[in-house]
Ligand code: PLZ
């Protein structure tokens with residue numbers, strides 16, 4: 001299986017022909033600042049001309065190694081040939097009718113395929129929307145319709161989106177919620193499992209979460225508990241072993257719908273179809289977006305058939321939801337995942353990144369934790385004696401990497417995590433280069 005395009009990973013190091021950002025990017029950025037509000041942030045103001053595999057080529061002709069993939073979207077590489085071909089073919093055939101007006105088969109087939117690949121052998125149904133936040137919103141609607149209960153419980157350090165309901169579910173007020181209230185009622189946040197910071201085992205952390213759920217809310221009012229199996233924006237927080245199954249067991253025993261937000265971690269990213277599998281989790285509802293169509297907008301809500309059928313006909317949908325071009329791209333993504341090749345690539349990337357980062361951690365005490373699975377790996381920067389977060393250092397590392405032609409993203413509630421979300425096309429030599437660049441920016 002080829003993940004890279006005709007111009008593959010032959011290029012192992014960035015090719016910079018100007019400083020970063022270059023003059024053309026700077027000029028466009030000045031226009032952007034006049035035309036686009038500042039609330040739409042910007043991690044790296046290089047303006048992209050084209051992209052392939054793990055490479056971004058900017059308008060100045062610089063080629064940068066992309067270790068962020070548009071925040072975990074182009075998992076199979078930019079302009080993945082099979083995805084591009086499928087989307088182009090569909091675009092010539094029909095690009096829109098609205099599935100709730102006149103339907104099309106590729107939507108139904110994608111629902112069937114997601115039923116097959118999401119965790120659990122139970123009967124499932126799926127429908128499609130445009131974005132991750134919309135998938136979260138719809139999962140909550142369905143859980144409430146199914147249970148007749150009002151509260152949705154989200155975890156500390158969670159991120160679920162930028163719509164009104166999902167803003168209320170996020171851990172961080174700034175920048176996601178600041179000034180945007182009033183917020184949706186009946187959303188509660190409860191403690192998660194964060195081994196580096198709470199020192200609890202999975203069962204201990206689950207007991208603490210459950211105590212909050214029972215005492216502060218009361219099980220009989222809870223429609224759903226939602227968890228990212230590995231938290232994305234929160235800093236790739238991997239829960240302690242046993243945490244998620246214990247939470248799920250409690251949810252099932254109390255008639256609470258368990259929603260897995262697999263928007264960042266799902267679909268091959270962690271070396272499995274879904275990150276839930278790493279923890280033995282079989283969620284009632286599974287949310288997909290980001291990597292599902294390798295760059296085209298699409299999100300899915302897949303769940304137990306009897307729960308999914310709780311909404312009245314016409315209660316679910318939206319104009320662009322399940323756009324046929326995005327769906328065609330998603331089929332190409334699933335075809336590639338079904339070969340198994342991407343899972344092997346994710347395992348290789350995990351090995352190369354964790355080995356390299358462990359070596360770095362030996363010389364640099366600020367690396368307080370290395371965690372994640374597959375091509376979703378991060379390190380957390382801390383003051384060695386106190387474990388106090390070093391947010392400035394994460395930003396400095398990302399800025400230095402950008403100047404050396406590597407796009408790296410930060411994350412974490414304290415902004416002190418550097419995360420890797422490379423495409424699975426990234427080579428070991430490219431990873432080694434990125435680690436070299438990171439070492440240059442780390443204090444001894
Ligand atoms: N759930 C787990 O990671 C999106 C957001 C970046 P949308 N994460 C990246 C940003 O600054 O907006 C995300 C996620 C998880 C939900 C979402 C929301 O998905 O497609 O951005 O709406």
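Laid out as a table, the results:
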{"item": "Wholly enclosed strands (runs of 3 or more DSSP E) of the stretch 45-104 bearing at least 2 residues crowded, with 24+ Cβ neighbours inside 10 Å", "result": "55-58, 63-66"}
{"item": "The stretch 133-154, residues that are touching a helix residue (DSSP H, G or I) at 6+ places or on another chain (Cβ under 8 Å) and within 11 Å of the ligand (Cβ to nearest atom)", "result": "133, 136, 137, 154"}
{"item": "Residue list for the stretch 113-132, filter: more than 25 Å from residue 206 (Cα to Cα) and either within 11 Å of the ligand (Cβ to nearest atom) or outside any strand (DSSP E or B) (or both)", "result": "113, 114, 115, 116, 117, 121, 122, 123, 129, 130, 131, 132"}
{"item": "Residue check, residue 418 buried (at least 20 other Cβ atoms within 10 Å of the Cβ), free of Cβ contacts under 8 Å to residues at least 60 places away in the same chain and not in a helix (DSSP H, G or I)", "result": "yes"}
{"item": "Identity of the residue in the stretch 162-175, near the ligand (Cβ under 8 Å from one of its atoms) and surrounded by fewer than 22 Cβ atoms within 10 Å (Cβ to Cβ), that ends up farthest from residue 414 (Cα to Cα)", "result": "163"}
{"item": "Some residue of the stretch 247-255 being under 26 Å from residue 333 (Cβ atoms) and assigned by TED's automatic domain parsing to the domain that holds residue 327", "result": "no"}
{"item": "The one condition in (1) more than 11 Å from the ligand (Cβ to nearest atom); (2) over 14 Å from residue 153 (Cβ atoms); (3) buried (at least 23 other Cβ atoms within 10 Å of the Cβ) that residue 249 fails to fulfil", "result": "(3)"}
{"item": "Residues satisfying the stated conditions in the stretch 252-280, i.e. part of a loop (DSSP other than H, G, I, E, B) and within 15 Å of the ligand (Cβ to nearest atom)", "result": "262, 263, 264, 265, 266, 267, 269, 270, 274"}
{"item": "One residue from 351, 359 being within 22 Å of residue 441 (Cα to Cα), outside the structural domain of residue 109 (by TED's automatic domain parsing) and surrounded by fewer than 16 Cβ atoms within 10 Å (Cβ to Cβ)", "result": "359"}
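The values are calculated or read from the model by the stated rules, or taken from the named source; none is laboratory data. Small disclaimer: the values here were computed from a predicted structure and weren't measured. All Cβ positions, even for glycine, are placed from backbone atoms using ideal geometry, and neighbour counts span all protein chains on display.
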